[in-house]
Structure formats: C-alpha cells, structure tokens
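Written out below as structure tokens is the structure these notes cover.
Nothing in this text is a laboratory measurement; each read-out follows from the coordinates by a stated rule. Everything numeric here is computed off the predicted structure, so don't read it as measured data. FYI the Cβ positions are ideal-geometry reconstructions off the backbone, even for glycines, and counts take in every protein chain you see.
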Amino acid sequence: MTDPTPYTPPPIWTWNKANGGQFASINRPIAGPTHEKALPVGRHPLQLYSLATPNGVKVTILLEELLALGHTGAEYDAWLIRIGDGDQFGSGFVAANPNSKIPALMDHSGPKPIRVFESGAILMYLAEKFGAFLPTEPAKRAECLSWLFWQMGSAPFLGGGFGHFYAYAPTKIEYAIDRYAMEVKRQLDVLDRQLAEQPYIAGEDYTIADMAIWPWYGALAKGLVYGAGEFLQVQDYSNIQRWTDQVAARPAVQRGRKVNRVQGDPASQLHERHDACDFDTKTQDKLGG
C-alpha cells in the first residue's frame, strides 16, 4: 500500500505548531526555558525531578534497590515534573538538565551540587557512588555497560519510533509502523536470546542493565504499553517473560514503579516521595501479575 497523499519535503523546513499530534505542546525545535520557576529542594542530599515514564522509573528503582541494601545515603526526595504541563521548561529544571527531559538528579552531598541528566548517566553515577549493581571486574563491567548503552540506543526506536507511529501519530502510516515493528521485534529477539543463557541481562547478577531495560521491554512484554502486545506477539518471547516476572517480584522494583506515577490505579501512584513511609504498603504491583 502506498501513502495516498505523498509528502514532498519543502526546500526549507518550518515549524508547524499545529502538526504535532498529542505531543504538540511539549515538542519544539528550540531549547532553553520558557518561564522562570525554581526547583524545590527537600531535606535529602539526592533530589530527583522526574515522572514515572520508563526513563524515570529506571532511577527510582535503583534508588529503592540501594536503600534496600542499606545504603542510607541513597535517601532521596522525588519531585513530580508534569511534562504535559511544561514543567521541564522551567528555568530551574533547564539548569539541571539543558535537554529539558526527565529525569534530572541533583546531588547535594558534597561541597558543590552536582547535576546529572540522562537516565543512563544517572544509573551509572549512582551505581559508582554507592558501589552497587555495577560489577567491578573488567569483563563483567564491560558487559553490564554494553547492555546499559544498548538500551539507551535501542529504546528510541521502541518509544519515539514504533510507539509514536503505532499509538500516537495523528495519521497511521503503514511504512512507518511496519519499519519500526520489524526493529522492535528484532530487539525483542536480541533480548530473548541473551536471557536464554542466563538469569539476568548481563549475567548471573542483577545490575543496572536490568533496571534500565525492564521498564521499557518488561512493560512491552506484558502488553502494558501502546496496546501492542498481540500485534507484536510478545508472549512468544518466553525468556523475556520469565525475566520480566522475576524482576517485577522484587519489592524495591514495586516501590520504584510507584514514585512520580500519575496514571493508572490511584493506589499505584505516589506523586512525590520524600520518605520511605510515603509508600502505601497495600498497593498491588500489576506488572508481574
């Protein structure tokens, strides 16, 4: 099938603000703040500014896992950044992350605050800071970081590529959906083959590679994103299914999923997190069930 209205790019691209679909209000071709707004600062050294998208969930899972290991220095305040309202374009957030994307972390534990942005960089920074979930033996460390960066490079094809054209684009384009579906299926096969050989992504041990990949591909494996489970036949990837359930059963993962969440069952939402007692212990985790 061919597109009934072929598009010929003009000599010079211009920004059509109305041609953005569901995300028209947050996508723009320029950087920088749109308004003045300072970021709040809580009582803990680690200040997280985020939303429970897959990229945000990576970080809250790691923080909760660190606390579960007894790293009291990993106590944190998690502040909600509502990207649909443009909070990421406030001057304070832009100072923390000039790319205006969640999550952003400010570490106030030293003499001078340190900003860390990009979810993969935050995972690596925290893992190194606390000496956990990142192997120190060279070969194992290289394997873990390779899979961490695999996720950083692969997920845009899943989210901005397949997810956008399959679920959000104002016009369904067969070529775009087919192209990105093929790539997502290839990625799932990469993961399924890797997990056929070992319990976790990078080997025998649970690492930041699992924490990075699980919020994206675990949710996809359970059919919880884009309504595309049947379309992609995700149930066929048995090793991913096993790993997804195994990670989902971890109490720290169940807590981390709730932080900065604003969608779904209200019992699964913890808009801001400032102390461990903020969690509602009656909340049921749904990804593993």
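Extension gain for the segment E128 to D236, taken as residue separation times 0.36 nm less the Cα-Cα distance, is 35.3 nm to one decimal. Per-residue Cβ neighbour counts within 10 Å put E64, E75 in the sequence E75, E64, beginning with the fewest. The 3J(HN,Hα) values that the Karplus relation (6.51, -1.76, 1.60; θ = phi - 60°) gives for the stretch 121-133 are, in residue order, 5, 5, 4, 5, 4, 5, 4, 6, 4, 9, x, 8, 6 Hz. Gly and Pro appear as x. Comparing E272, E137, E197 in a Gaussian network model of the chain (Cα springs below 10 Å), the most mobile by mean-square fluctuation is E137. Straight-line reach from K172: which lysines have a Cα under 22 Å away, not including same-chain ones fewer than 8 places off? Partners within reach: K17, K185. Tell me whether the stretch 138-278 comes out rounded, prolate or oblate; compute the Cα gyration tensor, take square roots of the eigenvalues as a ≥ b ≥ c, and use a/c under 1.5 as the rounded threshold. It is oblate, given that a/c is not under 1.5 and a/b is not larger than b/c.
Only Lys, Arg, Asp and Glu carry charge here, each on its Cβ (+1 for the first two, -1 for the last two); on that basis the stretch 138-278 has a dipole of about 180 debye about its Cα centre.
Working note: 222 nm ellipticity from helices only, DSSP H runs with n ≥ 4, each -39,500 (n - 2.57), summed and divided by the residues of the chain, gives -11000 deg cm²/dmol to the nearest 500. Based on the alpha-carbon gyration tensor of the stretch 37-138 and its eigenvalue square roots a ≥ b ≥ c, which shape applies: rounded if a/c is under 1.5, prolate if not and a/b is larger than b/c, or oblate? Note, shape of the stretch 37-138 comes out prolate.
Full extension of the segment from H35 to H274, taken as 0.36 nm per residue of separation minus the current Cα-Cα distance, would add 83.4 nm. The Stokes-Einstein estimate for the chain, based on a Kirkwood radius over Cα pairs and taken at 20 °C with 1.002 mPa s viscosity, is a diffusion coefficient of 106 µm²/s. Using a Gaussian network model of the chain in which every pair of alpha carbons under 10 angstrom is joined by a spring, one finds that among T207, T60, T34 the greatest mean-square fluctuation is at T34. Of interest is the spacing of the C-alpha centroids, which for the stretch 168-241 and the stretch 41-76 amounts to 25 Å.
Panel order for M152, M124, by other beta carbons found within 10 Å of each beta carbon, from fewest to most: M152, M124.
Taking amide H atoms as placed 1.01 Å from N in the peptide plane, the amide H of Y76 has no partner under 5 Å among residues 5 or more positions away or on other chains.
Contact order for the stretch 1-154, expressed relative to its length and based on alpha carbon pairs under 8 Å spaced 6+ residues apart, stands at 22 percent.
Remark: spin-label model distance H71-D205 equals 1.2 nm, labels positioned 7 Å along the Cα→Cβ axis.
In the chain, the sites counted are chymotrypsin sites (Phe, Trp or Tyr not before Pro) in DSSP loop states with at most 13 other Cβ atoms within 10 Å, and the longest stretch holding none of them, exclusive of the sites, is 16-289. Rounded to the nearest whole Hz, the Karplus-based 3J(HN,Hα) values (6.51 cos²θ - 1.76 cosθ + 1.60, θ = phi - 60°) of the stretch 90-97 follow the sequence x, 4, x, 5, 4, 5, 7, 9, with x at glycine and proline.
Answer rounded, prolate or oblate for the stretch 155-220, using the Cα gyration tensor with square roots of eigenvalues a ≥ b ≥ c: rounded when a/c is under 1.5, else prolate when a/b is larger than b/c, else oblate. Here the stretch 155-220 falls in the prolate category.
Counting every other Cβ atom within 10 Å of each residue's Cβ, K129, K258 order from fewest to most as K129, K258. Here the label points at N27 and I12, each 7 Å from Cα along the C-beta direction, are separated by 2.3 nm in the simple model.
Across the stretch 77-89, rounded Karplus estimates of 3J(HN,Hα) from the backbone phi angles (6.51 cos²θ - 1.76 cosθ + 1.60, θ = phi - 60°) give 9, 10, 9, 7, 10, 8, 5, x, 8, x, 4, 6, 9 Hz, Gly and Pro being marked x. Using C-alpha pairs below 8 Å separated by at least 6 residues, the relative contact order for the stretch 138-278 is 19 percent.
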